[in-house]
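**Q** Structure incoming, see below.
The values are calculated or read from the model by the stated rules, or taken from the named source; none is laboratory data. This one's a predicted model, so the numbers in the text were calculated from it and none came from an experiment. Cβ placement follows ideal geometry from the backbone for every residue including glycine, while neighbour counts extend to all protein chains displayed.
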């Protein structure tokens, strides 16, 4: 089992550090090099590779400085996007070895056109596609692409741990509780999240099993969600339910 540590960055980003044997590590989506270097220096770790999910600056901004500090470090990321310093381009269906654990690359267009995720060892590093109780905005992709990407994630085992890139849970829950106010799982989760955040504790990782119970964007087949968007959707298909829900959240 790999050891995962969160490195907070900016106001709400998480850079994920995956620690292997012999003080070697990999980081995921380092938007800022400074907190990563501080962590590596404090723990005497050597950076072997950087995994990138998509090209937004808050995910790639630290690459150049980290590469200067660790010249042998590999930069792995989506070949369909412009990733600075990329040394290994990957796409849907490819595999990446992380300290003996095999991670599958999943193509997840929607937030950006070439967004990818890495899944292995019971862990999912999904960037800005799936958040706890929410999902990413559609900056480049279509609602159909994002819906299909989320469906791909729901096919993974329920116990899969979800390491997304932002602490958005509290604000996502505010919307989710309007969209599905009678969901008892949501009400219990809100209390848990409120207590955790009051103590300064992260809500991430979450699990896919939990998200299937509380995340409205994964519940577009449910009558309660369809009813909530009935005045905003042009039909009651699961895809249109998702599209209407996403439009609503954009202006919430």
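**Q** Among the listed residues 74, 67, identify the single one that is free of Cβ contacts under 8 Å to residues at least 24 places away in the same chain, buried (at least 16 other Cβ atoms within 10 Å of the Cβ) and farther than 30 Å from residue 242 by Cα.
**A** Result of the check over 74, 67: 67.
**Q** Hey, among 37, 47, which residue is farther than 26 Å from residue 114 by Cα, surrounded by 17 or more Cβ atoms within 10 Å (Cβ to Cβ), touching a residue at least 12 places away in the same chain (Cβ under 8 Å) and touching a helix residue (DSSP H, G or I) at 6+ places or on another chain (Cβ under 8 Å)?
**A** 37
**Q** State all residues of segment 106-118 that are surrounded by fewer than 21 Cβ atoms within 10 Å (Cβ to Cβ) and either at positive phi or assigned to a strand (DSSP E or B) (or both); if no residue qualifies, say none.
**A** Matches in segment 106-118: 107 only.
**Q** For segment 216-250, give me the residue count where each residue is under 29 Å from residue 125 (Cβ atoms) and not in a helix (DSSP H, G or I).
**A** Residues that pass the stated criteria total 4.
**Q** Which one of 161, 140, 167 is farther than 21 Å from residue 107 by Cβ and at pLDDT 95 or above?
**A** 167
**Q** So which of 207, 203, 241, 142 ends up being in contact with a strand residue (DSSP E or B) (Cβ under 9 Å, 6 or more places away or on another chain) and closer than 30 Å to residue 93 by Cα?
**A** So the residue among 207, 203, 241, 142 that is in contact with a strand residue (DSSP E or B) (Cβ under 9 Å, 6 or more places away or on another chain) and closer than 30 Å to residue 93 by Cα is 207.
**Q** Sticking with this structure for a sec: Would you point out the residue of segment 125-141, among those that are over 21 Å from residue 179 (Cβ atoms) and over 8 Å from the mean Cα position of the chain (by Cα), that is surrounded by the most Cβ atoms within 10 Å (Cβ to Cβ)?
**A** That would be 141.
**Q** Among the residues of segment 1-17, count how many are more than 13 Å from residue 36 (Cα to Cα) and touching a residue at least 60 places away in the same chain (Cβ under 8 Å).
**A** 4
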